[in-house]
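This report refers to the structure that appears directly beneath it.
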Amino acid sequence: MFATKGLSKSFGRLTALLNVSFEVEEGEIFGIAGPNGAGKSTLFNVITGIYPPSSGRIFFRGKDITNYKPDQICHLGIARTFQIPTTFHTLSVYDNLRVGAIFGARRPQSADEVLELLGLEAVRHRPARNLDLYTTKLVMLGAALATDCKLLMLDEPMAGLSMAEINQFLEIVRRINQEKGVTIIIIEHLLDILISLTKRMLILSDGQVLYLGDSKEVTADRRVVEVYLGGKGGIAHAHR
Amino acid sequence: MKHVNWKFALAVLVLVFILLYPWLGASSYTKHLFILFFIWSIVAANWNLMMGYAGINSLGNIGFMAIGGYTAGILAKSLGVPPFLTIPIAGIVTSAVVTLALGLPALRLSGIYIALLTLIFADTLPSLLTQTREITGGAMGLHEIPPFYPGMDKTGAYYICFVFFLVVLFIIYRIVHSPTGMAFVALRDSENFAYCLGVNKFRERLKVFALSSLLTGAAGGMYVHALGDISPTTLGIEPFLLTIAMIELGGVGTFLGPILGAAVIVFGNEFLRLAGTLRLTLLGALICTIILFYPGGVIQLFHTIEHRVERLLNRKTPTT
């Protein structure tokens, strides 16, 4: 349903992405991992139209969406969250969802559906600035969901959460995928989580594809172990 | 329920007072002050719509008012167009000029650069006015601009401006509480998030410029017909700073803030004329005091009082 072909992005002389091609199938949860500065967030920003790509093409449901603006991409059915927890901090929780519902989905009632789905009724009138990190992330996810997206892109949604919160969040991500049939691309540092959540994943390193394939086999890949995991699975273990 | 009634009652009381004021022995001078208050609240409220709600740091809104004022003044004086036409035309002309000259370029700018662009825009107007002396009266300005109707007295101007004040505030209230207002705030709070949630940031930004300048330009038209003259001093530093002070003092990004701020500044400024040359110094001290103790502006002071009153009411209820 979604694909990039030879996607590259340079900022001046810095090459952030080089020739990145991958495909995501309808209904799957697709993982993206890679060291800091590998270009994961840049990839999201290029896909969602925040930066135009330097070269390459982006396809969504058979349509070439390269160079579409973020709001147009949203209207086609792609929504995203940000690595830095982002909400409209002066608006209430409900109004945060309504922005996505009214402008993204053009269907106001989707805000109420998301409110129920994520169990945010108790805080619906609370200003978004007075929320803890976990709830802030739920509101950000909720606003994206309220756009009636077909593809949801999550940029390190679990960073900074406790183990219990991570499990809760994963449960929600699975439910969104299974009950609402939303295809998901998720960036995550913790390989263990990604392996259990996804069937296939992409590992970026220095803006290039290091690994693309079955999640189960990623730790057996010699190059991934060498570049990303650092010898004997160093980073993955350090994160545990 | 209690606090809603209390606030509503206060607002109604104030409006009824303003409505009856000319019958309660108001002098021509105090009616004049109220007219200034009505018009400057509108200018401040529209400026706040841009700066407070939409987060567009415009410094050129006095220029919008001047364009509206001159448009209406020239149309009425040189071409004899009646005021009920000059005011909407003033609004539309201002909106067209501002949207094209500022709104479109501002789409490519952000933050301080919008502030600079809009400031320069307003700053070029005085020299433009002196270059077009034949039409605009140059540094002398326009005088004896026809009033709203022949033989109009201060009371007539008072009521016309009061109605305009209510209508414009109602429009702003509706904008702020509509999806458009929500988009303005969303773009201010987090531009990229709003953009990725389907908010067309270019269209919404243009809307801010178009709406705010439309209503500010119309306020400029009201100004010239109510007061009879306009000159480049309107574009001077004092009106500029005082209007900014109204917004900051009242409570930026709140609906009532700029109106309260306009009341404090317009009436305070006149009251302080008693102090002669110390006027602006004392006004500055007043602003500093309020900002120091109530950084959210006068509106924050009101909220504090509201909470006190509520607590008082709640404390009394169980004992009785």
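When A:LEU97, A:LEU154 are screened for being farther than 26 Å from B:SER178 by Cβ and within 14 Å of chain B (Cβ to nearest Cβ), only A:LEU154 passes. Across the stretch A:17-38, the number of residues qualifying as in a loop (DSSP other than H, G, I, E, B), more than 20 Å from A:TYR228 (Cβ to Cβ) and not small (Gly, Ala, Ser) comes to 3. Against the numbered list (1) under 19 Å from B:LEU102 (Cβ atoms); (2) of a type in the set (Gly, Ala, Ser); (3) not in a helix (DSSP H, G or I), B:GLY198 comes up short only at (1).
No other residue among A:ILE78, A:ILE102 is in contact with a Cys (Cβ under 8 Å, 6 or more places away or on another chain) and either at pLDDT 95 or above or within 7 Å of chain B (Cβ to nearest Cβ) (or both) apart from A:ILE78. Which ones in the stretch B:49-82 are of a type in the set (Ser, Thr, Tyr) and at pLDDT 95 or above? Across the stretch B:49-82, the qualifying residues are B:TYR53, B:TYR70, B:THR71.
When you check B:ASN57 against the structure, is it in contact with a Leu (Cβ under 6 Å, 6 or more places away or on another chain) and at negative phi, yes or no?
In short, no.
Do we have A:GLY77 as touching a strand residue (DSSP E or B) at 6+ places or on another chain (Cβ under 8 Å), crowded, with 24+ Cβ neighbours inside 10 Å and of a type outside the set (D, E, K, R) here? Criteria not met by A:GLY77.
How about the stretch B:139-195: which of its residues are within 14 Å of chain A (Cβ to nearest Cβ) and over 27 Å from A:PHE44 (Cα atoms)?
B:VAL176, B:HIS177, B:SER178, B:PRO179, B:THR180, B:GLY181
Listed by first and then second residue, the pairs with beta-carbon distance under 7 Å, at least 6 apart or on different chains, first residue in the stretch A:12-29 and more than 15 Å from A:LEU43 (Cβ to Cβ), second in a loop (DSSP other than H, G, I, E, B) and of a type outside the set (D, E, K, R), are A:GLU25/A:MET1; A:GLU26/A:MET1; A:GLY27/A:GLY181; A:ILE29/A:THR198. Candidates A:GLY12, A:GLY37, A:GLY56, A:GLY62: the one that is small (Gly, Ala, Ser) and closer than 22 Å to B:GLY198 by Cβ is A:GLY62. Across the stretch A:40-53, the qualifying residues are those that are out of contact with any helix residue (DSSP H, G or I) (no Cβ under 9 Å at 6 or more places or on another chain) and not charged (D, E, K, R), and the one among them that is nearest to the other protein chains (Cβ to nearest Cβ) is A:PHE44. Taking the conditions (1) in contact (Cβ under 8 Å) with a residue 40 or more places away in the chain; (2) crowded, with 18+ Cβ neighbours inside 10 Å; (3) under 16 Å from the mean Cα position of the chain (by Cα) in turn, A:LEU131 satisfies each one other than (3).
Hey, among the residues in the stretch B:147-165 that are in a helix (DSSP H, G or I) and without any contact (Cβ under 8 Å) to a residue 40 or more places away in the chain, which one's surrounded by the fewest Cβ atoms within 10 Å (Cβ to Cβ)? That would be B:VAL163.
The values are calculated or read from the model by the stated rules, or taken from the named source; none is laboratory data. The model shown is predicted, which means the values in this text are computed figures rather than measured ones. Cβ atoms come from the backbone with ideal geometry, glycine included; neighbour counts cover every protein chain shown.
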